[in-house]
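In what follows, a single structure is set out as structure tokens and then discussed.
The values are calculated or read from the model by the stated rules, or taken from the named source; none is laboratory data. Please read these numbers as outputs of a predicted model, since none were measured by experiment. Heads up, the Cβs are rebuilt from the backbone with ideal geometry, glycines too, and the neighbour counts pull from every protein chain shown.
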Amino acid sequence: MKILQIVPSISLIYGGPSQMVLGLAPALAKEGVEVTILTTDSNGDNGQKSLDVPLNQPVKKDGYEIIYFRCSPFRRYKFSLDLLNWLKQHASEYDLAHIHALFSPVSSFAARICRQQKLPYILRPLGTLDPADLRKKKQLKQVYAALLERPNLASAAAIHFTSNQEAKVSERFGIQTHDLILPLGVVPTQKESNNNLLEKFKIPQDIPLVLFMSRIDPKKGFDLLIPALEKLLSQGLKFHFVLAGTNPQNPSYEEGIQKQIQNSLLHPHTTITGFVTGELKTALLQAADLFVLPSYYENFGIAVAEAMVAGKPVVISDQVHIWHDIHNSKSGWVTKTEVESLSNALQSALQNPEECKNRGNNARNYALENYSWDAIARQLIQEYQKLINKS
């Protein structure tokens, strides 16, 4: 079985949804699938240097290969004529394409080429069909959908949603689709503490640590989180808040959040790390007592799954689409998108360290069983084969 994975970028700077193919590809390869990832060298949208990678040639990885192509100068819109030309020439050599992202030109035109070349394809929307997301730049997206995404959806072999809730709320533009519901996977963190890294950022280790680790974006619920944390401080609760993340597409919003915290009573109780990866990311996940993500909408929440597999209880809103999993497995606390509801959940967690520990253990067990790349890859291969046979 030869499978293409097509994604606009796999740079760390774009976060988990883009990076997921780097977890999926080796898991598929382990099961004997020949995997080729097509992507661009985009590495941020605001003047960052492109990825330092060979272009237009296979780069061998753990049993699979990646081919990087030059991204157009307008990186925010992720377009590569070289990638699309390569796909036209080589589509017939593959059995199926798994395309990640909608409303991204390289993905949209890749689906169109697959259709022309009679290569069956799966689309993974990454939450872009959520009504809340479609309201952003609404008129432009309506035109884009009519011209490109509606026919792409109509001809897709399947639409890959990462939760039942994502599938339930997603817009289909009047199209009947075959839905494939499979979560994303996570890689278990190594249990090796690194106190030196925490000391470098002056993160105290004698009081509870509340961790936010995700993209700094309006949809993440900062207008709920900051007031909720301020309320807890005013009530005398002791904790330290770590804000880990960035926003390469909206740096002004990130700066605004940082200034808001600097002018808040949260300031002496907060560490802002910026974007983290590698050892520091692992150290923060291990040191955290509680992970929080009160998003207004989230099709999966890969950061939540990463915290769970690290054994951390999570406090999330009921708009993070895996909230049913969290609730049913008692892996944390689920709140409304309201300051009062969020502060009550955080207070309950912080005041009950033994319950926090129990729910953290539940979180790890659930994540290892349900968010394992190996298990997901095996299920996905079965779906791939069904779609290939059907085509």
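When you go through V187, V210 one by one, which is the residue that is in contact with a helix residue (DSSP H, G or I) (Cβ under 9 Å, 6 or more places away or on another chain), surrounded by fewer than 18 Cβ atoms within 10 Å (Cβ to Cβ), of a type in the set (A, V, I, L, M, F, W, C) and under 29 Å from T273 (Cα atoms)? Break it down stepwise before answering.
Working: V210 fails: surrounded by fewer than 18 Cβ atoms within 10 Å (Cβ to Cβ).
On inspection, the qualifying residue turns out to be V187.
Taking R378 as the residue in question, decide whether it is assigned by TED's automatic domain parsing to the domain that holds A97 and either under 22 Å from E31 (Cα atoms) or of a type in the set (D, E, K, R) (or both). So that I can check it myself, show each step before the final result.
Working: assigned by TED's automatic domain parsing to the domain that holds A97: yes; either under 22 Å from E31 (Cα atoms) or of a type in the set (D, E, K, R) (or both): yes.
Yes: the conditions hold for R378.
I'd like the full set of residues that are in contact with a helix residue (DSSP H, G or I) (Cβ under 9 Å, 6 or more places away or on another chain) and over 20 Å from A310 (Cβ atoms), limited to the range 345-391.
Q347, S348, A377, R378, L380, I381, Y384
Specify which of the listed residues (I113, I181, I175) is without any contact (Cβ under 8 Å) to a residue 40 or more places away in the chain, more than 30 Å from L81 (Cβ to Cβ) and of a type in the set (A, V, I, L, M). Full working, then the answer.
Working: I113 fails: more than 30 Å from L81 (Cβ to Cβ); I175 fails: more than 30 Å from L81 (Cβ to Cβ).
Within the list I113, I181, I175, the selection yields I181.
Over 19 Å from L126 (Cα atoms) and not charged (D, E, K, R): is that true of L83 in this structure? Write out each step before concluding.
Working: over 19 Å from L126 (Cα atoms): yes; not charged (D, E, K, R): yes.
When the stated conditions are applied, L83 passes them.
If K191 satisfies all but one of (1) over 13 Å from L346 (Cα atoms); (2) modelled with pLDDT of 95 or more, what's the number of the condition it fails?
(2)
Quick test for you: out of L350, L380, pick the one residue that is over 21 Å from the mean Cα position of the chain (by Cα) and either farther than 29 Å from F222 by Cβ or touching a residue at least 60 places away in the same chain (Cβ under 8 Å) (or both).
On the way: L380 fails: over 21 Å from the mean Cα position of the chain (by Cα).
Residue meeting the stated conditions: L350.
Sort out which residues of the range 7-40 are closer than 22 Å to R215 by Cα and in a strand (DSSP E or B), and write them in order of number.
Pass one, the range 7-40, residues closer than 22 Å to R215 by Cα: 7-24, 39-40.
Within the range 7-40, T39, T40 qualify.
Kindly indicate whether any position in the range 197-205 is outside any loop (DSSP other than H, G, I, E, B), crowded, with 21+ Cβ neighbours inside 10 Å and charged (D, E, K, R). Please lay out each step first, then the result.
Kept after step one, since they are outside any loop (DSSP other than H, G, I, E, B), are these residues of the range 197-205: 197-200.
Next, from what is left, pick out any that are crowded, with 21+ Cβ neighbours inside 10 Å: none.
Taking every residue of the range 197-205 in turn, none turns out to be outside any loop (DSSP other than H, G, I, E, B), crowded, with 21+ Cβ neighbours inside 10 Å and charged (D, E, K, R).
Which fully enclosed helices (runs of 4 or more DSSP H) of the range 207-315 have 3 or more residues being touching a residue at least 40 places away in the same chain (Cβ under 8 Å)?
Working: elements: 222-234, 251-262, 278-287, 302-309.
Result: 222-234, 278-287, 302-309.
I'm checking my understanding of the structure. Among residues of the range 11-36 that are surrounded by 22 or more Cβ atoms within 10 Å (Cβ to Cβ) and in contact with a helix residue (DSSP H, G or I) (Cβ under 6 Å, 6 or more places away or on another chain), which one is nearest to V186 (Cα to Cα)?
A27
Could you tell me which of the residues I316, I326 is buried (at least 23 other Cβ atoms within 10 Å of the Cβ), within 16 Å of the chain's Cα centre (by Cα) and among the β-branched types (V, I, T)?
Values: I326 fails: within 16 Å of the chain's Cα centre (by Cα).
Step by step, each of I316, I326 is checked, and only I316 is buried (at least 23 other Cβ atoms within 10 Å of the Cβ), within 16 Å of the chain's Cα centre (by Cα) and among the β-branched types (V, I, T).
Would you be able to say whether some residue in the range 137-148 is among the basic types (K, R) and assigned by TED's automatic domain parsing to the domain that holds A363? Please lay out each step first, then the result.
Narrowing the range 137-148 to residues among the basic types (K, R): 137-138, 141.
Those left that are additionally assigned by TED's automatic domain parsing to the domain that holds A363: none.
For the range 137-148, residues among the basic types (K, R) and assigned by TED's automatic domain parsing to the domain that holds A363: absent.
Can you find a residue that is under 30 Å from Y94 (Cβ atoms) and of a type in the set (A, V, I, L, M, F, W, C) anywhere in the range 291-300?
Here is the first cut: in the range 291-300, the ones under 30 Å from Y94 (Cβ atoms) are 299-300.
Right, trim to of a type in the set (A, V, I, L, M, F, W, C) and you get 300.
Checking the range 291-300: at least one residue is under 30 Å from Y94 (Cβ atoms) and of a type in the set (A, V, I, L, M, F, W, C).
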